[in-house]
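Presented below is the structure to which this report refers.
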Amino acid sequence: MEKGILTEIGLTNNESIIFMTLAQSGPQSASELAKNTGLNRPYIYYALERLLEKGFISKITLDKKTRYQSLSFDQIIFSEQEKIKTIKKIADEIKTLKSKRDETIDLELLKGRFSLKTIFKRAMNELKPNDIVYSIGIDEEKMEEIEPVYLAKILNFSKENNIKENALIKKGSKALDYAKSTSYRFLDSEIIGDTAKIIYQDTVIEIIYGNPIYAIIIKSRGIADSELRKFNVFWKISEKK
């Protein structure tokens, strides 16, 4: 495999070197990659994070040590196709709703782990005191893992501004004990599905978990009202914490 092919599909020089090394030699730790590629540790860690976001590698534990392995191109293509199918389905639903309303609908697509940071920052900029946020299917553990700093910031922001959140999460999922402004209820995973949703004001945010994470931000009062009605139906049949 030539490195030039990888750069053509969006990998940097360092990412290409690391991906090719993993593809040729199998799972390796960050220190092993530094030794085998000659790259400095900071470059290794940054490139690994980016490769995880782009869905080219996965992280595994072998002998109690974290290692990284390359995915096959079949796995990479399948993963991207599944995400694209989900995004297309959401886009088609939005087009259907848009055709029924004389309303401007703004869409924005985010990709990668920094999507969550962008969502949190935007929410803190747009939410007003005493607002209510509604969420379905949010994976709190994943939020803590990927964006702990901004998760803490928005929880503190919500507390200071008396912003409440009604959250529907999957049965068996973790609820954050320190999220004092959040009321949790539980639903079967079959009802919630594989994506997450956040609703506030005229905004609906669809989150598609995976490597990388995708998020679709929809600005539409009509769609937000429609999604809130669905949320209220689920809230009534959900189980309390």
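Let's see how each residue does on (1) closer than 15 Å to residue 133 by Cα; (2) touching a Ser or Thr at 6+ places or on another chain (Cβ under 6 Å); (3) surrounded by 14 or more Cβ atoms within 10 Å (Cβ to Cβ):
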residue: 187; (1), (2), (3): no, yes, yes
residue: 190; (1), (2), (3): no, no, no
residue: 202; (1), (2), (3): yes, no, yes
residue: 209; (1), (2), (3): no, no, yes
residue: 212; (1), (2), (3): no, no, yes
residue: 237; (1), (2), (3): no, no, no
residue: 240; (1), (2), (3): no, no, no
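For residue 159, are the conditions met, namely being in a helix (DSSP H, G or I), at negative phi, basic (Lys, Arg) and not assigned by TED's automatic domain parsing to the domain that holds residue 52? Answer is yes for this residue. Residue-level analysis places residue 141 among those that are modelled with pLDDT under 90, over 19 Å from residue 217 (Cα atoms), of a type in the set (D, E, K, R) and assigned by TED's automatic domain parsing to the domain that holds residue 198. Being among the aromatic types (Phe, Trp, Tyr) and either closer than 23 Å to residue 227 by Cα or not in a helix (DSSP H, G or I) (or both): is that true of residue 134 here? It is true that residue 134 is among the aromatic types (Phe, Trp, Tyr) and either closer than 23 Å to residue 227 by Cα or not in a helix (DSSP H, G or I) (or both). Restricting attention to the range 139-150, does a residue exist that is in contact (Cβ under 8 Å) with a residue 40 or more places away in the chain, among the hydrophobic types (A, V, I, L, M, F, W, C) and surrounded by 14 or more Cβ atoms within 10 Å (Cβ to Cβ)? Yes.
The values are calculated or read from the model by the stated rules, or taken from the named source; none is laboratory data. Here the structure is a predicted model, which means the values were calculated and not measured. Using ideal geometry, Cβ is built from the backbone for each residue, glycine included, and neighbour counts are taken over all protein chains shown.
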